[in-house]
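See structure below.
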Amino acid sequence: MKQSQLFTKTTKETPKDETSFNAQILIRAGFIDKVGAGMYNFLPLGLRVLNKINNIVREEMATVSGQEVLMTALTPKEVWQATDRWDNFDVLFKLTGNDDKEYALGATHEEIVTPLAKKFLCSYKEMPKSIFQIQVKFRNEKRAKAGLLRGREFIMKDMYSFHTDQADLDEYYETVKAAYFRIYERLGLKDLTYLTYSSGGAFSKFSHEFQTLTEAGEDHVYICPDCQVAVNREIIAEHNFCPVCKRADLTEAKAIEVGNIFKLGTKFSSAFDMKYMDQNGDSQEVIMGCYGMGPSRIMGTIVEVFNDERGIIWPESIAPFKIHLLSLKENKAATAIYQELINNNIEVLFDDREDVGAGAKFADADLIGCPYRLVVSSKTLERGGVELKARTSDQMEIIPLDQIINQFKR
């Protein structure tokens, strides 16, 4: 991508109506655009990052036999009434169609996925099964002030599993838990992310969250240094010890929830009369699990965690481009390098702008935050190469022109 052709531009001004760092810096760098409180457009750079997060999630859900679907975002009132959540789920966006029927925009999809699965999973031979989607969700939040961390419209991966007995659900639940940690590792967040015990609400005694430590977090967790698990503040009064080893002196920290998993049991299968035929020909209720993760929230979390005073520092796995190539009045040589990188399938953002000075180009490169910066100038060419600098380092080195591809093709 040539930066002169990029749809967006960076800006020096911090948006006056944004209080969260992730939204401020993503808007300044041209990744997102604010439409209203809790509503953002994803621009070309931002969508590249979001798609890479989505694809990592897809790949890991495939490893646990998750099959991808896409369910309707417009949901009828009747399914929410079946689970007694039409009047008791206070963040539903409700509307009336021209047919005079009432609908809700999907805030979560248990009410849609259960009747869907009921059509196909009728026998013990057809389970276990799990299906997931990556879809826009809508929640009528009272306070949408944290940028991508708390939106009225956001991207969610929600997966649902269907089992014949509790033991099978328990085994699969642990499998998904491990897959979640693989996702956070690939995103660069594993060392900061803790399996966190939370109140189970209507579903079970405990549910599990995945909380990433950062001062920007809205949640407070209490960490056990021995077990590397945490307890959410909402249950600390009742369970003021580690659920694993019973240690009581836990360490408080602020965190952002980047995922959650629930054992739903028969709550939703019962509401929709979803049953299966067992080995003896008897009818039994299906047992369900639910596994949520917000790719757009993860994007905001990564920005809150990986940054410095100059801008974003993207992990290589999800950076919009691997290389930011800067031409300092040497567009002919830089264009040849750009084309060679493209020919070798190396992602590169080429700052070919002729009306922008060196200082502004360096500032934009730091703000946008690609993992590596290559600079082509008369000085570097005199030394037979280009200047290489990693975004995470202040060290620079000259790479010979004939070694550029070998440096990055791995």
- Task: Run down 108, 83 and say which single residue is in contact with a helix residue (DSSP H, G or I) (Cβ under 7 Å, 6 or more places away or on another chain), closer than 21 Å to residue 158 by Cα and among the hydroxyl-bearing types (Ser, Thr, Tyr).
- Result: 83
- Message: Which residue is surrounded by the most Cβ atoms within 10 Å (Cβ to Cβ), if the candidates are limited to the range 94-137 and must be more than 23 Å from residue 151 (Cα to Cα) and aromatic (Phe, Trp, Tyr)?
- Response: 124
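Taking residue 13, is it assigned by TED's automatic domain parsing to the domain that holds residue 136, of a type in the set (Asp, Glu) and either surrounded by 15 or more Cβ atoms within 10 Å (Cβ to Cβ) or farther than 20 Å from residue 311 by Cβ (or both)? Let's see the steps before the verdict.
Details: assigned by TED's automatic domain parsing to the domain that holds residue 136: yes; of a type in the set (Asp, Glu): yes; either surrounded by 15 or more Cβ atoms within 10 Å (Cβ to Cβ) or farther than 20 Å from residue 311 by Cβ (or both): no.
No; evaluated as a whole, the condition is false for this residue.
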- Query: Quick one: is residue 339 without any contact (Cβ under 8 Å) to a residue 12 or more places away in the chain, over 24 Å from residue 20 (Cα atoms), of a type in the set (S, T, N, Q) and surrounded by fewer than 20 Cβ atoms within 10 Å (Cβ to Cβ)?
  - Reply: yes
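Okay, residues lined up against (1) of a type in the set (S, T, N, Q); (2) under 30 Å from residue 259 (Cα atoms); (3) surrounded by fewer than 22 Cβ atoms within 10 Å (Cβ to Cβ):
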| residue | (1), (2), (3) |
| --- | --- |
| 327 | yes, no, no |
| 381 | no, no, yes |
| 392 | yes, yes, yes |
| 398 | no, no, yes |
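A quick yes/no check of all residues on (1) surrounded by fewer than 16 Cβ atoms within 10 Å (Cβ to Cβ); (2) not in a strand (DSSP E or B):
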| site | (1), (2) |
| --- | --- |
| 173 | no, yes |
| 178 | yes, yes |
| 184 | no, yes |
| 188 | no, yes |
| 191 | yes, yes |
| 207 | no, no |
| 212 | no, no |
| 216 | no, yes |
- Message: of a type in the set (A, V, I, L, M), over 24 Å from residue 169 (Cα atoms) and either at pLDDT below 95 or surrounded by 12 or more Cβ atoms within 10 Å (Cβ to Cβ) (or both): is that true of residue 91 in this structure?
- Response: yes
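Which residues, taken from the range 36-72, are over 19 Å from residue 320 (Cα atoms), of a type in the set (A, V, I, L, M) and in contact with a strand residue (DSSP E or B) (Cβ under 6 Å, 6 or more places away or on another chain)? Talk me through it step by step, then tell me what you get.
Applying the first criterion (over 19 Å from residue 320 (Cα atoms)) to the range 36-72 yields 36-39, 60-72.
Within this subset, residues satisfying the condition of being of a type in the set (A, V, I, L, M) are 37, 39, 61-62, 64, 69-71.
39, 61, 69, 70, 71, listed by residue number.
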- Message: Just to verify a result, which residue in the range 182-202, among those that are more than 15 Å from residue 54 (Cα to Cα) and in contact with a helix residue (DSSP H, G or I) (Cβ under 6 Å, 6 or more places away or on another chain), is modelled with the highest pLDDT?
- Response: 193
- Query: Is there a residue in the range 141-162 that is surrounded by fewer than 18 Cβ atoms within 10 Å (Cβ to Cβ), farther than 30 Å from residue 216 by Cβ and assigned by TED's automatic domain parsing to the domain that holds residue 46?
  - Reply: no
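The values are calculated or read from the model by the stated rules, or taken from the named source; none is laboratory data. Note that the structure is predicted; figures quoted are calculated from it, not measured. With ideal geometry, Cβ positions are generated from the backbone for all residues, glycine too; neighbour counts draw on all protein chains shown.
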